[in-house]
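What follows is a short report on a single structure.
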Amino acid sequence: MSRSSSSAAPNAPRQRPTFYSPELPWKPLRPPASVADHDACAIYATVRKDATPSREPVDLALTNLQKMLHRAGNVDGEGDGCGLLVDIPRKLWAEEVRAGGHNPALAGDPAFAVAHVFVDRSADLDRVRHDARQLLGRAGFRVLAERVGATDSQALGATAREEEPHFWQLGGLVGDAARADRVIFDLMVELERELGVHLPSFSADTCVYKVMGAPRVLGEYYPDLRDERFETVGCFGHNRYSTNTWPSFRRVQPFTVLGHNGEINTIAQLRQQAGMLGVPIDEGNSDSQDLNRVVDHLIRVEGLSLGEAMETVVPPIVDEVRSLPDELHPFYMYLRQAMGPFAQGPVALISRHGDECIFSADALGLRPLWKVETRSDFIFSSEPGVVGCEEMIAEPKPLGPGEKFMVTIDRGRRRSRLWEHWELQREVARRWLERTGGSVVAPYDRALETGGPLEEARSPATPRRVPRSR
């Protein structure tokens, strides 16, 4: 499998080895598909090139995830779970805000945020809602509209109906708009810990719909997803194949910022590192949930961008760092020492925060992730065949081992930009120095001599403004 790159660049990383046929030595081959390769989750993401919200991404995602139903677990005829991470459907919420007696234009305010809450059927829903409103009010969050039970239980299978939670949606304004990310994150953690609820999402940009069941069930269970007013620029989907944990509504992906296919073999070390950083990790979570919480914390609490956070938790291996331009060696060796390679394993990732999206393959390329382009969309999928050949404008390309792509959405200019991995790496290094107020990176590249950490404790720039142990 070769590293994909749509354009040659002088600073691009070297090409990865390619598999060749002994009989036809000059013809590159993909590694053969296996039964085990299909015993894994499906991930699918699409971003509109014109950065314009549309209904089409939702329909495409549900259809294409259904095509990859073989990449989903099945217990008693029911799927392990399916979910979508999408833009807040502001047209729907404008009507809800109007019905609540407020100006519907508030649904388009940058401080407007939406929470999706799962409440166990055994809990007193009215009591939970009362206590949650008080908690939100103390933090300055002004609730403008609420919805309870906007679902169709008849779409669920018997097992899912037994575990089905109450679905409570609320939209409102964050009191401190400048600190919205941090305020919302702290509220999400407090609501879950104090009230025992689960929040699939709480954000001023995106929301998550998920269900125990197949993609067809997801579309039928949530009337929102069938509403013609529902529009999004990006749509990130996931079919779950449970491995280390039992299926449940709470464990269905995507989570607040990411979804993945595979397993994190170093999850114990990641949880330990998370504790040192003060990341609130709850017992009983899946490895996916804990990785999501770490990334979410780095963004909303520590102030990293999604690109910085993903390069931190999934840094390039030492041999890959050696292949980078010399000026990036110190920075990337610093990243490996700042966090450590503790999110390792056969994992392909799709992630989004705000209008930035990151797509990543694991260091060995064991979990497939393909980049596909149509005239209207950038698509990243476990399988390229979900897109018809007649729709593609270029050959589909598999991400090479350790490779990442970034897509940024510019709504003002009505365009989305695709960043190659080498461009992403330079941008992440630039952002980090700018954020920390530094101009140069300390000589962490000396660690390349041994491939291990140095005793020096300095950060690339100002140590007081980088993630730290607590």
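Miscellaneous remarks
- Per residue value of the accessible surface for the range 284-364 (all protein chains in place, 1.4 Å probe), Å²: 21 Å²
- Loop-located trypsin sites (Lys or Arg not before Pro) in the range 391-441 (DSSP state not H, G, I, E or B) with no more than 10 neighbouring Cβ atoms inside 10 Å: Arg413.
- Leu144 long-range amide H proximity, modeled H, under 5 Å: Gly171, Gly172, Leu173
- Once the chain from Arg431 to Glu146 is taken as fully extended at 0.36 nm per residue, the excess over their C-alpha distance is 98.8 nm.
- Percent carbon-and-sulfur accessible area, the range 395-446, ignoring ligands, DNA and RNA, probe 1.4 Å: 49 percent
- Given Lys210/Lys404; Lys91/Lys397; Lys67/Lys371, the pairs whose alpha carbons are separated by over 24 Å: Lys210/Lys404; Lys91/Lys397
- Additional length obtainable on full extension of the chain from Met392 to Leu364, 0.36 nm per residue less Cα span: 7.4 nm
- Inter-centroid distance (Cα atoms) of the range 267-293 relative to the range 213-232, Å: 31 Å
- Accessible surface for the range 76-220, divided over its residues, is 40 Å² per residue with a 1.4 Å probe.
- Stretch gain in nm, segment Glu95-Ala338, where the contour uses 0.36 nm per residue and the Cα spacing is subtracted: 82.9 nm
- Per residue value of the accessible surface for the range 365-409 (all protein chains in place, 1.4 Å probe), Å²: 36 Å²
- Mean Cβ neighbour count within 10 Å, used as a protection proxy, ranking 377-386, 97-106 highest first: 377-386, 97-106
- P(r) tail, the range 139-276: Cα-Cα pairs separated by more than 23 Å, 43% of all pairs.
- Integer Hz, Karplus 6.51/-1.76/1.60 couplings in order for the range 100-116, x for Gly and Pro: x, x, 10, 5, x, 5, 5, 5, x, 5, x, 8, 6, 10, 10, 10, 9
The values are calculated or read from the model by the stated rules, or taken from the named source; none is laboratory data. These figures come from a predicted structure and were not determined experimentally. Here Cβ is always computed from backbone atoms with ideal geometry, including for glycine, and neighbour counts include all displayed protein chains. The accessibility values were calculated without ligands, DNA or RNA, using every heavy atom of the protein model including side chains. Shrake-Rupley method; radii C 1.70, N 1.55, O 1.52, S 1.80 Å.
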